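Peer 1: Sharing a structure with you now.
The values are calculated or read from the model by the stated rules, or taken from the named source; none is laboratory data. Because the structure is a prediction, the values reported are computed rather than measured. Cβ sites come from the backbone with ideal geometry, for glycine too, and all protein chains shown count toward neighbours. Ligands, DNA and RNA are stripped out before the accessible areas are found, and what is left, the full protein with its side chains, is counted by its heavy atoms. Shrake-Rupley method; radii C 1.70, N 1.55, O 1.52, S 1.80 Å.
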Amino acid sequence: KAGVTQTPRYLIKTRGQQVTLSCSPISGHRSVSWYQQTPGQGLQFLFEYFSETQRNKGNFPGRFSGRQFSNSRSEMNVSTLELGDSALYLCASSRAGYNDEQYFGPGTRLTVT
Amino acid sequence: QKEVEQNSGPLSVPEGAIASLNCTYSDRVSQSFFWYRQYSGKSPELIMSIYSNGDKEDGRFTAQLNKASQYVSLLIRDSQPSDSATYLCAVGGSNDMRFGAGTRLTVKP
């Protein structure tokens, strides 16, 4: 069974720009959660989507948004990029939600200059 | 107080020894508990999940959960150099998933 895939793997953007990251979950998984990982803050929960609906959201500004499509693929968007948004963005998929076993993708390394 | 705290590392054990990793959490209504392993430059990899009090064993790994003490641990028996990684404790609550800062484990040959 194929694992979680994320595209692109690396991205360099300039402050003020926006970016869209993509995540394809494991086949049969309906939940996709997004996380931000930085050396200073560790792994932080951004939001979770299940069957095209956002079920939960972490403590991040509204510049961070996402959506999920009918095939469970998910996208995350960050608008008006700031230097502090430089991080590894990880998505994780599961059958039932973040309280179920989650499997992480390889991540997208975003650098904001 | 951090919501998910892990014992500060780094932790170093000799090959073949037992490595003990600990985690405490503050949210009493937490429902799910996970241990992930993360190699440098890689994404987290699920090792164990545990949902009820007691022990759960999977190969060389044993997870222990004590909800009354708000404590979860991971034991790695017969530690191997390939176990050298950062271990992340994750706790699922009613609204989100919280991760500890991780404990870096080094297994010396």
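Table: residues versus (1) in contact (Cβ under 8 Å) with a residue 24 or more places away in the chain; (2) of a type outside the set (A, V, I, L, M); (3) part of a loop (DSSP other than H, G, I, E, B); (4) over 23 Å from B:MET48 (Cβ atoms).
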residue	(1), (2), (3), (4)
A:TYR49	yes, yes, no, yes
A:SER72	yes, yes, yes, yes
A:THR80	yes, yes, yes, yes
A:ALA96	yes, no, yes, no
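Peer 1: Same structure, new question: Looking at B:ARG98, B:ARG60, B:ARG77, B:ARG104, can you tell me which residue is open to solvent by 50 Å² or more (accessible area, probe 1.4 Å), among the charged types (D, E, K, R) and touching a Pro at 6+ places or on another chain (Cβ under 6 Å)?
Peer 2: Values: B:ARG98 fails: touching a Pro at 6+ places or on another chain (Cβ under 6 Å); B:ARG60 fails: touching a Pro at 6+ places or on another chain (Cβ under 6 Å); B:ARG77 fails: touching a Pro at 6+ places or on another chain (Cβ under 6 Å).
Answer to the selection: B:ARG104.
Peer 1: Moving to a separate point now. Out of (1) more than 16 Å from B:PHE99 (Cα to Cα); (2) open to solvent by 20 Å² or more (accessible area, probe 1.4 Å), what's the single condition that is false for A:LEU81?
Peer 2: (2)
Peer 1: If you scan segment A:8-47, which residues turn out to be touching a residue at least 12 places away in the same chain (Cβ under 8 Å), within 14 Å of another protein chain (Cβ to nearest Cβ) and open to solvent by 50 Å² or more (accessible area, probe 1.4 Å)?
Peer 2: A:ARG9, A:TYR10, A:GLN44
Peer 1: Is at least one residue of segment B:32-45 small (Gly, Ala, Ser), open to solvent by 40 Å² or more (accessible area, probe 1.4 Å) and over 18 Å from A:LEU43 (Cα atoms)? Talk me through it step by step, then tell me what you get.
Peer 2: Going residue by residue through segment B:32-45, those that are small (Gly, Ala, Ser) are B:32, B:40-41, B:43.
Add one more test, that the residue is open to solvent by 40 Å² or more (accessible area, probe 1.4 Å), and what stays is B:40-41.
Add one more test, that the residue is over 18 Å from A:LEU43 (Cα atoms), and what stays is none.
Taking every residue of segment B:32-45 in turn, none turns out to be small (Gly, Ala, Ser), open to solvent by 40 Å² or more (accessible area, probe 1.4 Å) and over 18 Å from A:LEU43 (Cα atoms).
Peer 1: Could you please find all residues in segment A:56-73 being farther than 25 Å from B:CYS89 by Cβ and either open to solvent by less than 10 Å² (accessible area, probe 1.4 Å) or of a type in the set (S, T, N, Q) (or both)?
Peer 2: Passing the criteria: A:SER65, A:GLN68, A:SER70, A:ASN71, A:SER72.
Peer 1: Residues that are within 11 Å of chain A (Cβ to nearest Cβ), modelled with pLDDT of 95 or more and closer than 25 Å to A:THR38 by Cβ: which strands (runs of 3 or more DSSP E) entirely in segment B:1-93 hold 3 or more of them? Spell out how you get there, then give the answer.
Peer 2: Numbers: elements: B:4-6, B:11-14, B:19-25, B:32-38, B:45-50, B:54-58, B:61-66, B:71-76, B:85-92.
The qualifying strands (runs of 3 or more DSSP E) are B:32-38, B:45-50, B:85-92.
Peer 1: Given the options A:ARG55, A:ARG95, A:ARG109, A:ARG63, name the one that is more than 14 Å from every other protein chain (Cβ to nearest Cβ) and either more than 26 Å from B:SER30 (Cα to Cα) or more than 10 Å from the chain's Cα centre (by Cα) (or both). Lay out the reasoning, then the answer.
Peer 2: Working: A:ARG55 fails: more than 14 Å from every other protein chain (Cβ to nearest Cβ); A:ARG95 fails: more than 14 Å from every other protein chain (Cβ to nearest Cβ); A:ARG109 fails: more than 14 Å from every other protein chain (Cβ to nearest Cβ).
That would be A:ARG63, the only listed residue that is more than 14 Å from every other protein chain (Cβ to nearest Cβ) and either more than 26 Å from B:SER30 (Cα to Cα) or more than 10 Å from the chain's Cα centre (by Cα) (or both).
Peer 1: Counting just the residues of segment B:46-61 that are in contact (Cβ under 8 Å) with a residue 12 or more places away in the chain and in contact with a Ser or Thr (Cβ under 9 Å, 6 or more places away or on another chain), which one comes out nearest to A:SER94 (Cα to Cα)? Spell out how you get there, then give the answer.
Peer 2: Our first condition is that a residue be in contact (Cβ under 8 Å) with a residue 12 or more places away in the chain; within segment B:46-61, this holds for B:46-53, B:60-61.
Next, from what is left, pick out any that are in contact with a Ser or Thr (Cβ under 9 Å, 6 or more places away or on another chain): B:48-51, B:60.
Working: B:MET48: 14, B:SER49: 13, B:ILE50: 15, B:TYR51: 16, B:ARG60: 24 Å.
Within segment B:46-61, the match that is nearest to A:SER94 (Cα to Cα) is B:SER49.
Peer 1: Being in contact with a Lys or Arg (Cβ under 6 Å, 6 or more places away or on another chain), among the hydroxyl-bearing types (Ser, Thr, Tyr) and under 15 Å from A:HIS29 (Cα atoms): is that true of A:SER79 here?
Peer 2: no
Peer 1: Would it be correct to say that A:ARG67 is in contact (Cβ under 8 Å) with a residue 24 or more places away in the chain, of a type outside the set (Gly, Ala, Ser) and in a strand (DSSP E or B)? Working first, answer last.
Peer 2: Values: in contact (Cβ under 8 Å) with a residue 24 or more places away in the chain: no; of a type outside the set (Gly, Ala, Ser): yes; in a strand (DSSP E or B): yes.
Considered against the rule, which asks whether it is in contact (Cβ under 8 Å) with a residue 24 or more places away in the chain, of a type outside the set (Gly, Ala, Ser) and in a strand (DSSP E or B), A:ARG67 comes out as no.
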